[in-house]
Every structure is written in structure tokens, then in C-alpha cells.
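These notes are about the structure you will find just below.
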Amino acid sequence: MATVTEATTALLSGYNHIDALLDDGPGWNFLAPSTANVITYTFSTASGLQTGTTGLQGAPSAFSAAQQAATRDAMAYVSRLTGITFVETANGASAQVHFSNADINGAQTSGLCSWGSSYSYDGSNQVTAYSAKAYIYLDNVQWASQNAVLNGGQGGETLLHEIGHMLGLKHPFEGAIQLPDATDNSAYTVMSYTSSGGPYMSYSPYDVAALNWLYGGDGLGGALGVNSTGGGRYYTGTGAADTLTGGSGADALQGAGGNDVLNGGAGSDTAIYQGARSDYTLRQITTDSWVLNGAEGLDTLNGVELLRFSDMTLALSSIDGVAPAAPMLQFVKDGSGAASGNHPLFTGTAEAGAKVAVLNGGTVLGTATADASGNWSVQPVALANGDYAVAAHATDAVGLVSAWSLTQTFTVSSPLNQTGGQGADLLLATAGNNHLNGGGGIDTVQYSGAASNYTVARTDTGYTVTDKTGSGGTDLLVSDERIKFADQSIGIDIDGIGGQAYRMYQASFDRAPDLPGLGYWMYLMENGWSLRQAAAGFMNSQEFENLYGSRAPANDVFVTKLYNNVLHRAPEAAGYAHWMDILSNGKDTQAGVLLAFSESDENQLQVIGSIQNGFQYTPFG
């Protein structure tokens, strides 16, 4: 049970980036007498309407079908983040959360969340019953056009902002605890009124940290979060160098980037990381202290008992500090030393739980984790014809690496393998596991089936194309640029002409390419146009003029809009000055600067998720 104070005021974490976002309610964690991990929501305006509100003109109206669909997606996202189960109901009278459109007072107000709660308590000030309701309104007069579209754009961010209020978040500039000006913007929290980048369709880092604190990622009445069953809390850092200290319960600590110090405190505490176990190295300093190094930074762990990775949870007590023995490696080959086909199966034994890597020289052919009995197997994608000398080593949970296994030699000579020349080759995929190397030029691999019958995936050595029916096997494409299915064409040269053309489209027009247009620009670049010429061509278009105000805008307008449209953020002072110097002093043209933004690391990171496994286009001509 909780006291009245606990149920009606924000329970603070002691960390500014979290506490500056915590409101006094609604206190969904204190719902009583129900103990279910469920909050109901409705789009009904037929019953259960809010009474006594002064923030609206007239009665609310129902969300459109499109608004409802986008809201369901948003609630599903929030469910994954918080662990709460949100259930839609048509019964407005019983629903706890209501969504509707309304004419909201104030021309600057695009959304509103109004909530209230009621409770009762006993003689010892313990809450015996608690209920809450929240009403989310989107303005349908001054902001009607924006709020009609919630699956992207500013309307979607407004919806996310109001859902944040419903979950117990406040504005970071209100109340006794506030964010400093430097972080009071939407890049850190969508609860801010100051935009930076966006619009955002997911919560920003400080929002996630606050929601982790409130709900622990395991919902209402879970092991973590406010009013948790065992007093455990979920502490999330800022992404910079943080020191997070747990309490007396079984806490979760997530640095979220930066070189952090994570102090577990009492209880069985867990440090949380986003990557797989193999992405990190671990070193013991003292009996109770460890150093973990990975993509999120170099962390010092004190009094932490468990490490949770994306693929496993590791108990630090299970680590013995002794490197594993060399694994055993075997496979099948004939008397002449030839492998059986181009898709050999490597098997063996190793320390249970160790990650085994099979390598040919410095090239990893595949990895596997030894099971509880120590058995493992690796079957690489189709290997090219040639001679191989492979060996394996094992890495245990702490990162200690074994000696190498005995080296095994074999030869691959398969009729399924094809190699192109220096020109534009067409390679025809056949049944089985093909190794298809296009060589030089713009090479195309052709398949007889529809694209929906295959899965295309990027690997360290090229691309795999897997027949979902199982009859066609898995092919490895190396030095190939295009895939032609029966019904569509796919570009896989994401670091070449195709990727450059795709990024230039995104940079110039702030949208994904249309398929015929992408094919046209790829055709021009394949036939001699430089990327700089393409940039000038994009600028000399009506769409560019519509977006930038001119086909040759003023330099200050041009640079600012490049930051806004390409990088989706405001320019930083040093960067803005750099590009203005280049343009003002004739060091490069606007087309050259557009090219630089298009191929910048920041734009490539924004685009890679859309193209890393190939992108569709319509061939020109």
C-alpha cells in the first residue's frame, strides 16, 4: 500500500533530467483495488465525456479513422516502452483514457490533456482506493490541418506530447524542478515547447528516462518503477558521463551512452545494455567492481550482479576468469580434399555458452554460441570457388579468448558459383546456394520469382538473398549492384551510385525518392553524370524551389534550410559559420554544399535504415 502523499505527488529520482519531467499524476501505479496491468482507452464521444472543463469551446467530436489508426500505433509503441497493456474499448463510460477532437481555447494550443483522480484512505493515511481518468484533446479549428495527420509530422508529435501528460509527464520549464535552457528542447524531451529537429514520432531520451523511472519497463505493479512490488527502480542516464546509484531494491541501471559509473547499491541489481553480449568487453577490477567497454561507452560497475544484453542476461558471479579451451572443429570433405558443395556445415564442441567464430584467414565465415552441452554448428552462406584454411576460436562471457583450433583445409569448386567480368554483367540465379560475384561494372543478379518470395539482407561480405519457400536456398551476392526480381528492381549499391542518388533525393526534397525518378538519376550517373552535376540538377527543379523558396536561394536561407531539411535540426553556430564562409568566399557552389550535406555522416546515418537491405527503384529506359 502507498500513503496519500506517495499517490498524489511526484516521487523523485534525485536526477534532474528525470525529475524535471515528473508530474503529480495521474498515478496509474496506484490504481486500487485493481491490480491488473491494464489501462483502457476509447475514441467514443457518446458517453463518459469530461464535465466541468473550461478549456474547450463546444462539445468534443470523434477522431477520424486515420487519427484512430495512428493513435492505436502510438499506444502500441507506449505499451512496448512502459510494459503497460492498453486496451481499446467502445464503452466511454468505463474508459480511463479518452481521445477526441475539440475546439481548444487559445489560438496557440494545438493539444490538451486534462486529467483527474480520486482516492480514499484509512486511519493510517494508507490509500485504500485510487482511480484516475485522462482526456486528450486535439484542436480541430486553428490546428485542424496539422492534427488531421498523426502518423507523421507535427500532429504526431503533438499526440505523443499529450500522451506523455497522460502518463504522468509535465513540461520541463514548469514547477520547482526544471531543465536548464540548454536541454529544454524537443531533442531531449518532446514535453518541451522549444523545437529542435523533429517532428518526433518516438519519445526523446529524457522522456524515456522518466518513463523508465515511473513504470520500469514492466508495467503497473511490476518489479521496477514507482510503487513496484519489491521497491526496485529503473535509473536511466542522460547519454553523457553519469553516475547512477541504486537504492535498497533490485534496481535496473542504464547509462544510455557516455562513460558512466553504475553503483548498484543493495539488492540484486542489473546493468542494461542495448547491444549483444559479443559487442562488449568485460574486465574485473575487484571482487565487486568491473569495467565494461562497448558502443555506449566505458562503464564502471560497482555492486552490480547482472548484465542484461539484447541476446542474454549474464550473472557476474558465473565468471571464473579462466579463458576457455580451444574448440573442436570438424566438417565433411571427400578424399580429394573437396568440400561437399559450396555450403559446408562446420560443427564441434566448446565451453558451454562461449561464442565460437569460424574464420578463413582474417574473414569470419560464421559464428555460433555453444549450447549447454558445448555443441555448436556454423553453416556459412555460399562460398566462392577456391582453397580454404579455416580455424575456430571461442570467446567466453567475460571476453576471454581461447587458443585456435586445429586448422582444416578444403577446396570449393561448385557449378553454382558464377563470376562476372569488368563490364555490366547479368548473372542468373539458379536453385541452390549460389555465390554470385559480379566483378567490375554495374552488375545485376536476376531471379525468376516475385520480390515477396525472397528476403534480402546485408552482410559483412555482401548481400544474401534467401528464398522464403526454401527451394531456392540462400545466395551470397558479392560486388553486385542490382537485383532484378520478376516484379521489381532493387538497388544494393548503397555505397555507390544507387545509394548516392537515394541520399541526394532525400537531401534535396526532404522525402523518400519516387521510384521512376530514382531510376532516372541512377541512369544518368551510370552514364557519366557526377554527383555534383546531379546536385545541380536537383536544385534546378520546381520541387526544390517550392521547398527552398528559390532555385538559387540566399546563402543564409540555403544553409539554414539544409540543416532543417537534410539533418532535421537547427544549425549549430560553428557549422553554420563554416558553410557560410565556404559560400560567401566562393570556396564552393551551393550544389557542392548540397552534395556535402547529402553525403555527410549525419545524413547517411538517417538514411541507412531505409536502404541498408536494398531499395526499390524503377529502371529508366
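The values are calculated or read from the model by the stated rules, or taken from the named source; none is laboratory data. Since this is a predicted model, take the numbers as computed values, not measurements. Quick reminder, even Gly has a Cβ in these numbers, built from the backbone with ideal geometry, and neighbours come from all protein chains shown.
Observations
- Residues in segment 577-621 that are under 22 Å from the mean Cα position of the chain (by Cα), surrounded by fewer than 17 Cβ atoms within 10 Å (Cβ to Cβ) and of a type in the set (Ser, Thr, Tyr): SER600, SER610.
- Restricting the search to strands (runs of 3 or more DSSP E) fully inside segment 296-356 and requiring at least 2 residues that are among the β-branched types (Val, Ile, Thr) gives 346-349.
- Selected residue (only one of ASN375, ASN342, ASN360 is touching a His at 6+ places or on another chain (Cβ under 9 Å) and more than 30 Å from LEU253 (Cβ to Cβ)): ASN342
- Residue match in segment 12-23 (condition: buried (at least 20 other Cβ atoms within 10 Å of the Cβ) and either over 29 Å from the mean Cα position of the chain (by Cα) or within 25 Å of ASN101 (Cα to Cα) (or both)): yes
- Scanning segment 361-395 for residues that are touching a Phe, Trp or Tyr at 6+ places or on another chain (Cβ under 6 Å), assigned to a strand (DSSP E or B) and either at positive phi or of a type outside the set (Ser, Thr, Tyr) (or both) turns up ALA368, VAL378, ALA391, HIS393.
- Sole exception among (1) surrounded by fewer than 17 Cβ atoms within 10 Å (Cβ to Cβ); (2) more than 30 Å from GLN408 (Cα to Cα) for VAL332, by number: (2)
Per-residue answers, yes or no, for (1) in contact (Cβ under 8 Å) with a residue 24 or more places away in the chain; (2) under 30 Å from the mean Cα position of the chain (by Cα); (3) assigned to a strand (DSSP E or B):
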| position | (1), (2), (3) |
| --- | --- |
| ASP460 | yes, yes, no |
| THR464 | yes, yes, yes |
| THR469 | no, yes, no |
| ILE483 | yes, yes, yes |
| ALA486 | yes, no, no |
| ALA536 | yes, no, no |
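- Those residues of segment 224-248 which are within 26 Å of PHE86 (Cβ to Cβ) and buried (at least 19 other Cβ atoms within 10 Å of the Cβ), in sequence order: LEU224, GLY225, VAL226, ASN227, SER228, GLY232, ARG233, TYR234, TYR235, THR236
- Residue match in segment 361-376 (condition: within 30 Å of LEU301 (Cβ to Cβ), of a type in the set (Val, Ile, Thr), in contact (Cβ under 8 Å) with a residue 12 or more places away in the chain and buried (at least 19 other Cβ atoms within 10 Å of the Cβ)): no
- Every condition in (1) modelled with pLDDT of 90 or more; (2) hydroxyl-bearing (Ser, Thr, Tyr); (3) not assigned by TED's automatic domain parsing to the domain that holds GLY361 holds for THR430 except the one numbered (1).
- Any hit, segment 384-392, residues being surrounded by 15 or more Cβ atoms within 10 Å (Cβ to Cβ) and either under 29 Å from TRP290 (Cα atoms) or out of contact with any strand residue (DSSP E or B) (no Cβ under 7 Å at 6 or more places or on another chain) (or both): yes
- Any hit, segment 271-286, residues being at pLDDT 95 or above, assigned to a strand (DSSP E or B) and out of contact with any Ser or Thr (no Cβ under 7 Å at 6 or more places or on another chain): yes
- Close pairs from segment 282-305: first within 16 Å of ASP320 (Cα to Cα) and surrounded by 13 or more Cβ atoms within 10 Å (Cβ to Cβ), partner β-branched (Val, Ile, Thr) and modelled with pLDDT under 90, Cβ under 7 Å, at least 6 apart: LEU282/VAL398; VAL291/ILE285
Table: residues versus (1) surrounded by 16 or more Cβ atoms within 10 Å (Cβ to Cβ); (2) part of a helix (DSSP H, G or I).
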residue	(1), (2)
ALA107	no, no
GLY123	no, no
LYS133	yes, no
GLN142	no, no
GLN154	yes, yes
ALA182	no, yes
GLY198	yes, no
ALA209	yes, yes
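- In segment 258-270, the residues that are outside any strand (DSSP E or B), over 22 Å from the mean Cα position of the chain (by Cα) and among the polar types (S, T, N, Q): SER268
- Scanning segment 485-528 for residues that are surrounded by fewer than 17 Cβ atoms within 10 Å (Cβ to Cβ) and charged (D, E, K, R) yields ASP487, ASP495, ASP510, ARG511, ASP514.
- Output for segment 315-353, where each listed residue is at pLDDT below 90 and touching a strand residue (DSSP E or B) at 6+ places or on another chain (Cβ under 6 Å): PHE331, LYS333, GLY337, ALA338, ALA339, ASN342
- Residues that are touching a residue at least 40 places away in the same chain (Cβ under 8 Å) and small (Gly, Ala, Ser) number at least 1 in the following helices (runs of 4 or more DSSP H) confined to segment 1-95: 4-8, 65-82.
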